[in-house]
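See below for the structure under consideration.
What follows is calculated from the coordinates using simple rules that are stated; it is not laboratory data. Given the structure is predicted, the values throughout are model-derived calculations rather than measurements. Cβ: placed from backbone, ideal geometry, glycine included. Neighbour counts: every protein chain shown.
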DNA sequence: TATATATTATTCATATATGAATAAACGTCG
DNA sequence: CGACGTTTATTCATATATGAATAATATATA
């Protein structure tokens with residue numbers, strides 16, 4: 001009576017899997033959105049914060065190609081992003097005497113300060129996220145995410 | 001000697017948490033990208049497939065506002081998406097006699113067939129994803145995702 | 001050295017997304 | 001009924017992203 005009948009389910013396995021796949025997509029988007037909302041408070045977007053952070057971590061001007069690699073996006077995207085960052089006064093384009101094709105992006109003082117402000121906002125979102133993950137096996141979650149790669 | 005010194009870690013807790021948060025974002029993006037790549041083979045994008053699927057599930061024409069709600073996006077986005085779907089011949093705009101402000105989107109036969117083709121591609125990505133999740137506690141993953149909401 | 005191939009950034013066309021402003025139609029309430 | 005506020009879709013400006021085409025410079029090779 002209580003016996004589980006193997007091979008029979010109310011909702012098909014495929015349906016559950018689809019839900020899982022789209023849950024992964026939607027969760028990523030939801031977190032992105034929270035980050036965007038937090039960053040807009042300091043005049044940044046996630047894209048802008050990412051670029052500033054890579055520049056900060058590099059510790060020196062980096063070429064736009066290098067920046068595109070770090071951000072895993074195409075170069076034309078970086079061209080536009082740097083246009084906006086430059087318009088905001090957060091970044092300066094500098095020539096590379098070693099390679100006259102290249103253009104490097106340099107953080108301005110304002111850009112550096114803005115990155116710091118952004119990082120604080122990101123940390124808040126992170127703390128909130130961690131709270132919601134209370135009672136969840138985070139190691140297993142990490143394992144799942146790195147399996148998907 | 002082997003004792004764990006509490007409160008001291010090589011990489012700070014905050015750093016791990018940041019990694020986890022960005023892993024969630026990046027995983028979502030990676031899956032999205034796989035879906036886009038699969039769907040482009042049948043002439044669809046994820047956004048287009050989503051709209052077609054909602055129309056299919058509704059079983060009848062739905063207003064653009066309704067579609068925006070289902071897709072959790074703003075209406076101007078749907079206006080543009082429907083422009084493109086209409087240009088592709090996958091959808092037709094029809095008037096709503098009940099409410100003359102409203103415009104409804106109706107699936108064409110081609111749109112319906114395209115949705116079917118898209119669903120097959122999505123299923124393949126899903127199957128691939130499931131394989132990589134071999135050995136992962138999927139219920140715990142589901143729990144984590146629904147905790148984040 | 002001269003030519004061919006690579007790489008660099010930019011520009012352009014396009015897709016996706018948001019939010020503000022607008023016009024038309026709907027509903028309500030005095 | 002008529003004025004007012006709401007809802008509908010659209011348009012516009014903008015941000016983010018891709019990929020193709022282009023121009024300038026580097027590098028390799030014949």
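Label point of residue A:59 (7 Å along Cα→beta-carbon): distances to the other copies' equivalent points are 6.5 nm, sorted ascending.
Name the most mobile residue of A:26, A:134, A:77, meaning the one with the largest mean-square fluctuation, in a Gaussian network model of chain A with Cα contacts below 10 Å. Judging by the Gaussian network model, the answer is A:134.
One quarter of the convex hull surface, Cα atoms only: what value does that give for the protein assembly as shown in nm²?
24.2
Against the compact-protein benchmark of 2.2 N^0.38 Å, the Cα-based radius of gyration of chain A scales to 1.44. One residue of chain B places its C-beta nearer than any other to the axis carrying B onto A; that residue and its whole-Å distance are B:28, 1.
Taken as Cα centroids, the stretch A:12-64 and the stretch A:90-149 sit 9 Å apart, rounded to the nearest whole angstrom. Against chain A, whose longest principal axis comes from its Cα atoms, helix A:13-40 is set at around 30 degrees. Ellipticity at 222 nm from helices only: DSSP H runs of n ≥ 4 in chain A, each -39500 (n - 2.57), divided by the residue count, give -21500 deg cm²/dmol.
Counting Cβ atoms of other protein chains within 10 Å of each Cβ in B:126-139 and taking the mean gives 4.
Let me confirm one metric for peptide B:100-112, namely the mean number of other chain beta-carbon atoms within 10 Å of its residues' beta-carbons.
Values: counts 0, 0, 0, 0, 0, 0, 0, 0, 0, 0, 0, 0, 0.
Other-chain Cβ atoms within 10 Å of each residue's Cβ, averaged: 0.
Principal-axis analysis of the Cα atoms of chain B puts helix B:75-87 at an angle of about 60° to the longest axis. If you build a Gaussian network model of chain B, linking Cα atoms that sit under 10 Å apart, which residue out of B:15, B:57, B:36 swings the most? Of the options given, B:15 has the highest mean-square fluctuation.
Axis angle, to the nearest 10 degrees, between helix A:46-58 and the longest C-alpha principal axis of chain A: 60 degrees. If the label for residue A:142 sits 7 angstrom from Cα along the Cα-to-Cβ line, what are its distances to the same label in every other copy, in nm to one decimal, shortest first? Computed spacing set for this position: 2.5 nm. Label-point distances for residue A:128 to the equivalent site in the other copies, using a point 7 angstrom along Cα→C-beta, read 3.4 nm when ranked shortest first.
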